[in-house]
Amino acid sequence: MRNHYLYTCAALLSLYLVFHSCQHEQAIRTAQYAVNGQKLYVANCQNCHGTKGEGLGGLYPPLTDSLFLNTHREQLACMVKNGLSGPIEVNGQVFDTEMPANPALAPIEIAYLLTYIGNSFGNTMGIFSLEEIQAALAACEADNR
Amino acid sequence: MRIAPLVGACLLGLMAGCKQKSHNSLPILGHREPVTKVIDGNTVTDTLYHSIPDFQLLNQDSVLIDNHTFDNGVYIANFFFTHCPSICPIMQRNLLKVYEKYKGDERVRFLSHSIDFRHDSPAVLKTYAEKLGVTNDQWQFVTGSKADIYNLSDSYMVYTKEDSSAPGGYDHSGHFLLVDQDKHIRGAYDGTDDTQIQLLFDDLEILLKEYE
């Protein structure tokens, strides 16, 4: 009986430790991606979307609309890679300006960028892994075919 | 090549600045020439300062405007194009801050020249201005022939060039030029640099004091 109790405790403890260190590792990786992403953001996106992701008037949409970002999570990689045009609604406002494509961005760079955006400006989207980005890009390439 | 005229302008500005002890007046930038005249038998030497030549350009309401549109006030000029993917959004975001501060104050006007004479028709400029948040005619967005715009950019000491290798197809410098009532350039500011924008805010107040 007593042994049983100890075993359960030990099992729970090790589970907790594994889980905790996993979480810890994940948090470190997210932070790492976000740091790399910030540099890319400054170089490629900040001119239009602003230092705080605030956008510019009715020209460039803000990146602060978590609802938009969450509901378009699977499309974001393709938006960044291929650009975007046509009317979209962000923060309750309709935008209809062309966003240029970024053909030179590698999938891992898009992962960095979206991890930065997705965890800044009030967003809490967690990490965008390389696998997630590759799958998203493959899906929109299939659509375009 | 691109910075030579500006460096020249800055040097001249510095030289002019040295002569004036007070920091409360702005230099006149650009080329200057002594002119000698004989008045009442006396030989007088005067200085001819660089100034913006007369122009006629089509604005966002398809109305021809000219240099007199900016009489009785000072104005800030720049060069951009609407689908510019690089520096223009930063410039226009910064110029919007100045516009918002002086909105309704007719002593200060704004003039953005499009260097994309192919794409930026008055209708395109109108939509752009509205989206940017410009709601009155204090800020004019203009288009003209390639020759008109590119010659004018030279007088404003701004580098502009059609260049297929540049982002968006045009290479240009992102400067703001502060122009006084006599069409003299009194300051040049990098429109993408926050500290330079602060300087513009300060200089604008100094210039406006000249007319009080």
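Observations on the model:
- Number of residues in region A:77-98 that are more than 14 Å from residue A:61 (Cα to Cα) and not charged (D, E, K, R) equals 3.
- Residues that are more than 14 Å from every other protein chain (Cβ to nearest Cβ) and either among the basic types (Lys, Arg) or part of a loop (DSSP other than H, G, I, E, B) (or both) within region A:64-101 comprise A:64, A:65, A:72, A:73, A:81, A:86, A:91, A:92, listed in sequence order.
- Test result for residue B:46, among the charged types (D, E, K, R), under 28 Å from residue A:48 (Cα atoms) and more than 20 Å from the chain's Cα centre (by Cα): no
- Residue identified as in contact with a His (Cβ under 6 Å, 6 or more places away or on another chain) and either surrounded by fewer than 16 Cβ atoms within 10 Å (Cβ to Cβ) or at pLDDT 85 or above (or both) among B:23, B:68, B:31: B:31
- Per this entry, residue B:53 is not counted among residues that are out of contact with any Lys or Arg (no Cβ under 7 Å at 6 or more places or on another chain) and either of a type in the set (A, V, I, L, M) or over 25 Å from residue B:211 (Cβ atoms) (or both).
- Meets criteria (within 14 Å of the chain's Cα centre (by Cα) and open to solvent by 60 Å² or more (accessible area, probe 1.4 Å)) for residue A:122: yes
- Hits in region A:10-53 - residues which are free of Cβ contacts under 8 Å to residues at least 60 places away in the same chain and within 14 Å of chain B (Cβ to nearest Cβ): A:42, A:43, A:46, A:47, A:48, A:49, A:50, A:51
- Residue match in region A:8-23 (condition: closer than 28 Å to residue A:135 by Cα and assigned to a loop (DSSP other than H, G, I, E, B)): no
- Only one of A:61, A:107 that is over 29 Å from residue B:191 (Cα atoms) and surrounded by 13 or more Cβ atoms within 10 Å (Cβ to Cβ): A:107
- Taken together, the residues in region A:104-136 that are more than 13 Å from residue A:70 (Cβ to Cβ) and in a helix (DSSP H, G or I) amount to 16.
- Note on region B:77-105: residues that are among the basic types (Lys, Arg), surrounded by fewer than 21 Cβ atoms within 10 Å (Cβ to Cβ) and assigned to a helix (DSSP H, G or I) total 2.
- Between B:101, B:161, B:97, B:183, the distinction of being within 14 Å of another protein chain (Cβ to nearest Cβ) and of a type outside the set (Val, Ile, Thr) belongs to B:97 only.
- Filter result for residue A:86 (on the phi > 0 side of the Ramachandran plot, open to solvent by less than 80 Å² (accessible area, probe 1.4 Å) and in contact with a His (Cβ under 8 Å, 6 or more places away or on another chain)): no
The values are calculated or read from the model by the stated rules, or taken from the named source; none is laboratory data. Only a predicted model underlies this, so the values are computations on that prediction, with no experimental measurement involved. All Cβ positions, even for glycine, are placed from backbone atoms using ideal geometry, and neighbour counts span all protein chains on display. Accessible surface is based on the protein model in full, side chains and every heavy atom, while ligands, DNA and RNA are left aside. Shrake-Rupley method; radii C 1.70, N 1.55, O 1.52, S 1.80 Å.
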